[in-house]
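Take a look at the structure set out below.
Read the figures in this text as sums done on the coordinates, not as results from a lab. Quantities reported herein were computed from a predicted structural model and do not represent experimental measurements. Cβ placement follows ideal geometry from the backbone for every residue including glycine, while neighbour counts extend to all protein chains displayed.
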Amino acid sequence: METTESKIQFKPESLAEIDRIIKQFPEGKQKSALIRILHIAQHEFGNWLSVELMDYIADLLKIKPIEVYEVASFYSMYNLNPVGKVVMEVCHTGPCCLVGVEKLIKHIENTLNIKPGETTADGMFTLKTVECLGACGYGPMMQIGETYHEKLNIEKLDNLLSVLRQQNS
Amino acid sequence: MGRKILLEKTDIENIHTYNVYRKEGGYSAVEKALKKMTPDEVVEEVKKSGLRGRGGAGFPAGMKWSFIAKPEGVPRYLLCNADESEPGTFKDRFLMEKIPHLLIEGMILSSYALGCNTSYIYIRGEYMWILRILEKALAEARQHGWLGKNILNSGYNLEIYVSPGAGAYICGEETALIESLEGKRGNPRMKPPFPAVKGLWQSPTVVNNVETLSSVVSIVNIGGDEYAKIGLGKSTGTKLISACGNIRKPGVYEIELGLSVEEFLYSDEYCGGINDGKRLKACIPGGSSVPVLPHYLVTKTAKGEQRLMTYESLSDGGFATGSMLGSGGFIVFDEDQCIVRNTWNFSRFYHHESCGQCSPCREGTGWMDKVLHRIEYGKGNMRDIDLLVSISKNIEGNTICPLGDAAAWPVASAIRHFREEFEWHISEPVKCLEKNYGLVKEPILEV
Amino acid sequence: MPKVTIDGITIEVEEGTTIMNAARKVGGEIVPPAMCYYSKLNKSGGKCRTCLVEVTKGSEKDPRPMPKLVASCSTTVMDGMEVSNKTSQKVLDARKGVVEFLLINHPLDCPVCDQAGECDLQNLSYEHGTEGTRFEEKKRVFDKIDIGKYIQLHMTRCIMCYRCVYTADQITNERVHGVLKRGDASEIGTYIEKAIDNDFCGNVIDVCPVGALTDKTFRFKSRVWFLNPMDAHRNCDKCCGKAVVWMFGDEIYRVTGRKDQYAEVEEFICNTCRFETKDLAKWTIEGPRQISRESVISQGHYVTHLSKIENKNKEKIE
């Protein structure tokens, strides 16, 4: 049987960033950097956290792999399965519903032919409904990557979708 | 025009940069404190100011500070709670985005008062862009000598770092926040020990909200006594209110505590009234966890007195006819909104956000979500209404952290004030799917 | 030393003692039930909320009652504290609520559960639960999984006491399982398919209050109440070697740690003793294990039988 060394490795810039983050905590408390490192990892490796990737991070931080799985599966921002290039996280909590987000979610479902939690066949879009993102006065809204898209309506949404499609094909 | 303290300068161009902030008098409070005041004197000013925690609980900040244990040779930590996740609340985000140096200045003052040499801002992971704004501002502050070693030659050292969460409402609870900052699951801790004795890495720790810490700047600048003159009674100072829902002008407003709810809701300076000329149906004045008020109890209390934006007036009438100021998330419902649907929505939220550690919350939130979902979709039974009340009672007060209460109150209050609407949903399963129940009838109040 | 009064009984205890442990010192009716607290495991407790009690007087210094019910397993006593457990209607009501919460998603598959007869949840429900259910929704279901060759995890029955996680953390040095996800979706698991393989991992079976973690070498072999539990020991190079062997005739059906009246093991045992030593010749039998008279395991009255035989023998000798 062939043993394969883990091929996953962060970019040098990310490693430098991780080093900077770990130094923000006292010695021996490097686990505190875990949540932020998982964000960096997810961003760098296709928007989701594979087991291999989490094991690599456990190794980096000198903690047990289960400690990473426990954390990664607790927080809703981490994707533990492959997702599309563009992950649309639409807020569907009360205040956004008061200003009509449910209609917009229906519109996305119909336009892209996917339900929340699904990815389009071409691997371009994933639709996620999420709980309150702290933009209640600017709803309906959704987050894509680090960007908040606020005060959405159907027209804005259609434009956004076509721009995103162009940018990512 | 009410008095502005926190948002006074947010309209100034480039106030988010160090140079502009400094030119506008920024960091003068740090100069005053580090050069002329002892840490205890800063604590004293905050006590005198009557400032209450702006995260939702409203606990006096100065008193919280005075609880911090000071064992020899053990570091103490100040943590800024920027996990803002209570539905309806988006004020801290506004403050950090517009004027990040105000928070940093407040944190320097507070860290100095508490004797902390390392402080952290724990910010919700979704606010990653604000984390970058804060890191940039922190770098500027460090570059200009407001952070680092021997600040202003006072011998005081301080570093402030920002650390993100990753999507978990529960991390706004202070012990869950500490767990999360330690790189763990956001499971709230059993209290005691309280964070003031054993918090971050088992060291004495104080956790304060963004707005609370930012308010310390003006308290040091004008003095605690002066600050206490702003506001009304025990509700001192100003408060950021984030208004949303069916109003003409949603947004973040700074009010002097004591403003009438009526003025806040209907005047053009603030919410501008209900959108599209509709009528008010209900209002949740302090974020999704606090009891909902039916329209006839929003601007007036059950006794017929004018309802004010203060901790006391909003809770007047207790849970029977009052609510709470909470985090200042002011959610307004117009006549076309369905209370059952909204109650189900919030229940789903708490179900989703329960950490799952203790049984009443883990099982109870999911149960309420499922029952409310059935009612909303026309499959309810009349007995479900009392069942919901009973579940909420079994959760309330019996959980490790306040999330249980936060999940129970909205359900209990919605049924208390809008029972007929729940009943209508059950007795008219077809109609309820397409039509709104309408405005709740105004009952005759027993005073 | 602080004095505390629980249900009218006053006792003096060491500084730092919890209400639960003070009650256990007195024993009997006043001891609150515990589903997650385990005195041998650090940090355990506080989660299940079955041990909630009412503190009607905080202490001599500060006599104010505590506003909410408190978890007796994680609240330390103060001098002069007064606690109501069985004498408080508030406590009994809350406990009834907690039992209901623990049961709504529990499969109630006691007829086919290996834990039946020695299940803490079964006992708790019998004492504090109500007849019938108000839960009309779909129950949460998980697949059964094998974690290692000796242990099966039936997550559907789990009540999230965290004891097995603390055991792996504190008794073994290599924890590979933990709590995954959150809320009512949270589960005990290894995340990836991974065997829990450690000399002491079998103890997770003993600490599990329900039938979520069961001994695969014993699965469906017999109902526990048909077996005769005997204290036995052997020379073991890994653990104390003190165990209870559960016998049917001359055959050992299973081996467990020795559990006290609160269903906690006295000492943890190793996997060799537990899973691999079923040969009677390898054990020195000390005598019948004392099992509470209320327990279904005692229904065979084997202890009485044996003592009668012993007495007869004595008579003969005399």
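Quick notes on this one:
- The test for being over 19 Å from B:Val210 (Cα atoms), in contact (Cβ under 8 Å) with a residue 60 or more places away in the chain and more than 14 Å from the chain's Cα centre (by Cα) does not hold for B:Lys36.
- Residue match in segment A:127-136 (condition: out of contact with any His (no Cβ under 8 Å at 6 or more places or on another chain) and away from chain B (no Cβ under 14 Å)): yes
- Within segment B:385-404, the set of residues being at the interface with another protein chain (Cβ under 10 Å from one of its Cβ atoms), crowded, with 18+ Cβ neighbours inside 10 Å and part of a loop (DSSP other than H, G, I, E, B) comprises B:Glu396, B:Asn398, B:Thr399, B:Ile400.
- Single match in B:Ile104, B:Ile68, B:Ile108 (criterion: touching a helix residue (DSSP H, G or I) at 6+ places or on another chain (Cβ under 8 Å) and closer than 19 Å to B:Pro195 by Cβ): B:Ile68
- For the condition among the polar types (S, T, N, Q) and away from every other protein chain (no Cβ under 13 Å), A:Asn113 qualifies.
- Where strands (runs of 3 or more DSSP E) fall entirely within segment B:131-240, those with at least 1 residues that are within 14 Å of chain A (Cβ to nearest Cβ), hydroxyl-bearing (Ser, Thr, Tyr) and closer than 24 Å to A:Ile40 by Cβ are at B:156-164.
- Scanning segment B:65-94 for residues that are within 12 Å of chain A (Cβ to nearest Cβ) and in a helix (DSSP H, G or I) returns B:Lys91, B:Asp92, B:Arg93, B:Phe94.
- Checklist (1) within 18 Å of C:Arg254 (Cβ to Cβ); (2) of a type in the set (Gly, Ala, Ser); (3) within 14 Å of another protein chain (Cβ to nearest Cβ) applied to C:Gly148, failing item: (3)
- Filtering segment C:163-174 for residues that are of a type outside the set (A, V, I, L, M, F, W, C) and surrounded by 22 or more Cβ atoms within 10 Å (Cβ to Cβ) leaves a non-empty set.
- Residue in segment B:328-345 that is within 14 Å of chain C (Cβ to nearest Cβ) and either buried (at least 21 other Cβ atoms within 10 Å of the Cβ) or within 21 Å of B:Lys281 (Cβ to Cβ) (or both) present: yes
- Residues satisfying the stated conditions in segment A:86-131, i.e. crowded, with 18+ Cβ neighbours inside 10 Å and hydroxyl-bearing (Ser, Thr, Tyr): A:Thr93, A:Thr119, A:Thr126, A:Thr129
- The criterion of being in contact with a helix residue (DSSP H, G or I) (Cβ under 6 Å, 6 or more places away or on another chain), surrounded by fewer than 24 Cβ atoms within 10 Å (Cβ to Cβ) and of a type in the set (Gly, Ala, Ser) does not hold for B:Gly364.
- The strands (runs of 3 or more DSSP E) found entirely in segment A:86-169 that carry 1 or more residues being within 30 Å of B:Ile247 (Cβ to Cβ), out of contact with any strand residue (DSSP E or B) (no Cβ under 7 Å at 6 or more places or on another chain) and without any contact (Cβ under 8 Å) to a residue 60 or more places away in the chain are A:147-149.
- Qualifying positions in segment B:95-121 - surrounded by fewer than 24 Cβ atoms within 10 Å (Cβ to Cβ), within 14 Å of another protein chain (Cβ to nearest Cβ), within 16 Å of B:Trp146 (Cα to Cα) and of a type outside the set (Ser, Thr, Tyr): B:Asn117
- Residue within segment B:336-347 that is among the acidic types (Asp, Glu), touching a residue at least 12 places away in the same chain (Cβ under 8 Å) and closer than 22 Å to B:Glu421 by Cα present: yes
- Within segment C:86-104, considering residues that are among the polar types (S, T, N, Q) and within 19 Å of B:Lys393 (Cα to Cα), the one surrounded by the most Cβ atoms within 10 Å (Cβ to Cβ): C:Ser88
- Of B:Phe333, B:Phe346, all but one fail to be out of contact with any His (no Cβ under 9 Å at 6 or more places or on another chain) and aromatic (Phe, Trp, Tyr); the exception is B:Phe346.
- Count - residues of segment A:42-85 that are over 18 Å from A:Phe10 (Cα atoms), free of Cβ contacts under 8 Å to residues at least 24 places away in the same chain and in a helix (DSSP H, G or I): 3
- Among (1) part of a helix (DSSP H, G or I); (2) more than 30 Å from B:Asp336 (Cβ to Cβ); (3) not hydroxyl-bearing (Ser, Thr, Tyr) - the single one B:Gly356 does not satisfy: (1)
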